[in-house]
Amino acid sequence: RQIADEEGAHARRLMGLYYMMTGQCYQPALSRPAEELLPWCALLRRRYGEECAGGYAYQAAAEKTQDECLRRILQRFAADEYRHAEMLLRLLEGNLPV
């Protein structure tokens with residue numbers, strides 16, 4: 001739940017930034033398809049990869065922007081994504097057979 005809450009906060013912040021920069025409300029073009037049901041460990045593995053990729057994408061975007069405020073926000077989001085990946089890895093470690 002903590003990760004989901006933080007991801008929602010990221011989305012709200014990005015929508016606010018989009019409005020500040022464009023004067024328009026962001027409207028996503030497509031909704032996300034329903035998640036397929038996976039075994040617990042496979043789901044954790046998938047989410048770990050998604051969090052790592054998200055961290056990388058935020059960091060790359062931060063390095064490309066000239067706006068210092070936006071850079072700081074994107075760097076904070078990158079750190080959050082990598083922290084989420086660590087949380088998921090700890091969950092996975094606790095659920096693997098020894």
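What accessible area per residue comes out for segment 1-64, rounded to a whole number of Å², with a 1.4 Å probe?
Per-residue accessible area for segment 1-64 comes out at 81 Å².
Based on the Cβ-Cβ distance from T22 to E50, what FRET efficiency comes out when R0 is 25 Å, to the nearest 0.05?
Efficiency, rounded to the nearest 0.05: 0.40.
Rg (Å, one decimal) plus Dmax (Å, integer) for the alpha carbons of the chain?
Gyration radius and largest Cα-Cα distance of the chain: 15.6, 54 Å.
Where does the chain land at 222 nm, in deg cm²/dmol rounded to the nearest 500, when only DSSP H runs of n ≥ 4 count, each adding -39500 (n - 2.57), divided by all residues?
Per the formula, -26500 deg cm²/dmol.
Looking only at GluC sites (Glu not before Pro) in DSSP loops with at most 11 other Cβ atoms within 10 Å, what is the longest site-free stretch of the chain?
The segment 37-98 is the longest one with no such site.
How large, in percent, is the carbon and sulfur part of the accessible surface of the chain at a probe radius of 1.4 Å?
Ligands and nucleic acids excluded, carbon and sulfur reach 59 percent.
Between A11 and L43, what is 0.36 nm times their sequence separation minus the Cα-Cα distance? Round to one decimal in nm.
9.3 nm
Pop a pseudo-label 7 angstrom from the Cα along the beta-carbon direction at both A61 and Q2 and give the gap in nm to one decimal.
With each label placed 7 Å out from Cα toward Cβ, I get 2.4 nm.
Between L96 and L30, with labels modelled 7 Å along Cα→Cβ, what's the label distance in nm to one decimal, could you check?
In this crude label model, L96 to L30 measures out at 3.3 nm.
The values are calculated or read from the model by the stated rules, or taken from the named source; none is laboratory data. No experiment lies behind these values; they were computed from the predicted model shown. Cβ sites come from the backbone with ideal geometry, for glycine too, and all protein chains shown count toward neighbours. The accessibility values were calculated without ligands, DNA or RNA, using every heavy atom of the protein model including side chains. Shrake-Rupley method; radii C 1.70, N 1.55, O 1.52, S 1.80 Å.
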